[in-house]
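Enquirer: After the structure tokens below, expect a handful of questions from me.
The values are calculated or read from the model by the stated rules, or taken from the named source; none is laboratory data. Bear in mind that the values here come from a model prediction, so they are computed numbers and not experimental data. Don't worry about glycine lacking a Cβ; one is built from the backbone with ideal geometry, like all the others, and counts go over all protein chains shown. With ligands, DNA and RNA removed, areas are computed over all heavy atoms of the protein, side chains included. Shrake-Rupley method; radii C 1.70, N 1.55, O 1.52, S 1.80 Å.
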Amino acid sequence: MAYDNDNIFARIIRGEIPCHRIHEDVDTIAFMDIMPQAEGHALVLPKIAGEDVFSTPPESLAAAIRTAQLVARAVKQVFAPPGIMIAQLNGQAAGQSVFHLHFHVIPRYAGKDLGIHAAAQADPAKLAAQAERLR
């Protein structure tokens, strides 16, 4: 599959679609997932176009995982979960729904199941407040 320059994440990176931004640097952007699986669910993307781990340059992968670590630390501090899951899906069969490489940073709590991936949009005001806390 060829990279789609009009996918939602490419459009967010270009500033065409708003997001609840947590962090941005020259190589990466992090923002709240609008369809979170848990409160505090964030996404981390490299700005360089790449569909998955196979087509993204190693330097972009390295930058994205550094930012994922930064965001995971913020999520741990703000939401105090006993665990944090960092997930990166490759291909539709693996559950990838947007074909721009991205990492999910998801707080995890014992005895609490994750919400269904991409099932329902969260309240934008709640996401804005969470992003503010994480910044």
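Enquirer: Only one of these conditions is not met by P81: (1) of a type outside the set (S, T, Y); (2) open to solvent by 20 Å² or more (accessible area, probe 1.4 Å); (3) farther than 20 Å from I29 by Cα. Which number is it?
Expert: Only one criterion in (1) of a type outside the set (S, T, Y); (2) open to solvent by 20 Å² or more (accessible area, probe 1.4 Å); (3) farther than 20 Å from I29 by Cα is unmet by P81, namely (2).
Enquirer: I need the strands (runs of 3 or more DSSP E) fully contained in segment 14-62, keeping only those with at least 1 residues that are over 14 Å from F103 (Cα atoms).
Expert: 21-24
Enquirer: In this structure, is I116 under 15 Å from the mean Cα position of the chain (by Cα), farther than 22 Å from R14 by Cβ, open to solvent by 70 Å² or more (accessible area, probe 1.4 Å) and touching a residue at least 24 places away in the same chain (Cβ under 8 Å)?
Expert: Criteria not met by I116.
Enquirer: Still on this structure: Which members of segment 1-13 meet the condition of being part of a helix (DSSP H, G or I) and more than 14 Å from the chain's Cα centre (by Cα)?
Expert: Selection gives R11 alone.
Enquirer: What do you reckon, is A68 part of a helix (DSSP H, G or I) and touching a residue at least 60 places away in the same chain (Cβ under 8 Å)?
Expert: No, not satisfied.
Enquirer: Among the numbered criteria (1) surrounded by fewer than 15 Cβ atoms within 10 Å (Cβ to Cβ); (2) in contact (Cβ under 8 Å) with a residue 40 or more places away in the chain, which single criterion is violated by R73?
Expert: Only one criterion in (1) surrounded by fewer than 15 Cβ atoms within 10 Å (Cβ to Cβ); (2) in contact (Cβ under 8 Å) with a residue 40 or more places away in the chain is unmet by R73, namely (2).
Enquirer: Could you list all residues from segment 50-62 that are touching a residue at least 12 places away in the same chain (Cβ under 8 Å) and open to solvent by less than 50 Å² (accessible area, probe 1.4 Å)?
Expert: Those that are touching a residue at least 12 places away in the same chain (Cβ under 8 Å) and open to solvent by less than 50 Å² (accessible area, probe 1.4 Å): G50, E51, D52, T56, S60, L61.
Enquirer: Of everything in segment 13-45, what is open to solvent by less than 10 Å² (accessible area, probe 1.4 Å) and on the phi < 0 side of the Ramachandran plot? Give them in sequence order.
Expert: Answer for segment 13-45, where residues must be open to solvent by less than 10 Å² (accessible area, probe 1.4 Å) and on the phi < 0 side of the Ramachandran plot: T28, I29, A30, F31, M32, H41, A42, L43, V44, L45.
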